[in-house]
1. B:ARG67 - would you say it is open to solvent by 50 Å² or more (accessible area, probe 1.4 Å), under 30 Å from B:LEU17 (Cα atoms) and touching a Ser or Thr at 6+ places or on another chain (Cβ under 9 Å)?
2. Search region B:45-69 for residues that are not assigned by TED's automatic domain parsing to the domain that holds B:ILE146 and pair each with any residue that is open to solvent by 40 Å² or more (accessible area, probe 1.4 Å) and aliphatic (A, V, I, L, M) when their beta-carbon atoms are under 7 Å apart and the residues are at least 6 apart or on different chains.
3. Please give the number of the condition A:ILE21 fails out of (1) surrounded by 13 or more Cβ atoms within 10 Å (Cβ to Cβ); (2) at pLDDT below 95; (3) more than 9 Å from the ligand (Cβ to nearest atom).
4. Output the residues belonging to region B:10-69 that are of a type in the set (Phe, Trp, Tyr) and either more than 23 Å from B:ARG160 (Cβ to Cβ) or in a loop (DSSP other than H, G, I, E, B) (or both).
5. Evaluate region B:73-83: report whether one residue or more is in a loop (DSSP other than H, G, I, E, B), at pLDDT below 95, touching a Ser or Thr at 6+ places or on another chain (Cβ under 7 Å) and more than 14 Å from chain A (Cβ to nearest Cβ).
6. Of the residues in region A:54-73, how many are surrounded by 12 or more Cβ atoms within 10 Å (Cβ to Cβ) and small (Gly, Ala, Ser)?
7. Out of the helices (runs of 4 or more DSSP H) lying entirely within region A:5-79, which hold 2 or more residues that are within 9 Å of chain B (Cβ to nearest Cβ) and farther than 30 Å from B:GLY24 by Cα?
8. In the set B:GLU137, B:GLU119, which member is among the charged types (D, E, K, R), surrounded by fewer than 20 Cβ atoms within 10 Å (Cβ to Cβ) and within 22 Å of the chain's Cα centre (by Cα)?
Amino acid sequence: MNTDHNHDMCKAYFAKLSEFIDQELGDDVCRDIQKHLESCGCCNACLETLKKTIQLCANIKDKPVPSELSRKLKHMIRHRI
Amino acid sequence: MIKNNTQGLVPDEDQALIDGIKRGETGLFETLVDKYSPRLYNFGLKICKSREDAEDLVQESFINIFRYVKDFRQEASLKNWMYRIAASVCWKMKRKTGSIKEKDLSLEELMPDHHASPEQVPPAWAHEPVAQLLNQELSGQIQNAISRLPTPYRLVLVLRDMEGFSTDETADILSITPANVKVRLHRARLFVRDDLKEYYEHRP
Ligand SMILES: [Zn+2]
């Protein structure tokens, strides 16, 4: 276990987890977070559930356009222009 | 905003469509609707409270798109410009229905209390494949959580994680800073994550 591991550090890293997942952080910060994750089960569990949440959101299926709406849109084109 | 240096225009997969419409080929409006109404309708479903509102949003968006496309200056791609219109229609609709003050999301509240509930290992659902998890019930659960997000957060999460826009594109569509997109996105994701955690913890 990391000796300098404390709640404040978790808090600081917790704020950056999305940017970490999206690879929007610099190499240094990335390395720090990676290292922290290896020693902190809480933050790691947080990361894994957050990643899964993002994947789930991205994979929700689209619905087809109701034919009534398509009809209205075509009608709009014909009568407005 | 990414600009092409020589013309100040963003390269656009819809260039032929834009050119045709600007030449007055109004028949191309139908092409525009065929191509983008599925996208805008599903965007509407994710950001509106009901299917009826989503349909209104699509119609109102296309009215504005038809009206202003002739003046479209290509500072963004056509697709992004259409999303910008749809997002502003969303805000207008919200204002019209009477604005209930929405709560802000604080990071503090979304942060798990490490001392109270020390979850040291990821729960089982974090390891299961998406295809296995994502049945109709879970889709409904997630959509419900998204619908409970305050509007500024919901718009960012939907654009970034569901519609596939980058941080910069999302910032441009919503006229906010990229830093603001990142802050809102993180909190919105954590909010949905908390809801999923709760869902799995209380499942029989
Ligand atoms: Zn930690």
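The values are calculated or read from the model by the stated rules, or taken from the named source; none is laboratory data. All values derive from a computational prediction rather than experimental measurement. For neighbour counting, all protein chains shown are included, and Cβ atoms are generated from backbone atoms with ideal geometry for every residue, glycine included. Just so you know, the surface numbers come from the protein's heavy atoms only, side chains and all, with ligands and any DNA or RNA stripped out. Shrake-Rupley method; radii C 1.70, N 1.55, O 1.52, S 1.80 Å.
1. No: the conditions fail for B:ARG67.
2. These pairs meet every condition: B:ARG51/B:LEU45; B:ASP53/B:MET93; B:ALA54/B:LEU45; B:ASP56/B:MET93; B:LEU57/B:MET93; B:PHE66/A:ILE81.
3. (2) is the only condition that A:ILE21 fails.
4. Within region B:10-69, B:PHE29, B:PHE62, B:PHE66, B:TYR68 meet the criteria.
5. No; the residues of region B:73-83 include none that is in a loop (DSSP other than H, G, I, E, B), at pLDDT below 95, touching a Ser or Thr at 6+ places or on another chain (Cβ under 7 Å) and more than 14 Å from chain A (Cβ to nearest Cβ).
6. 2
7. A:7-14, A:17-21, A:41-58
8. B:GLU137
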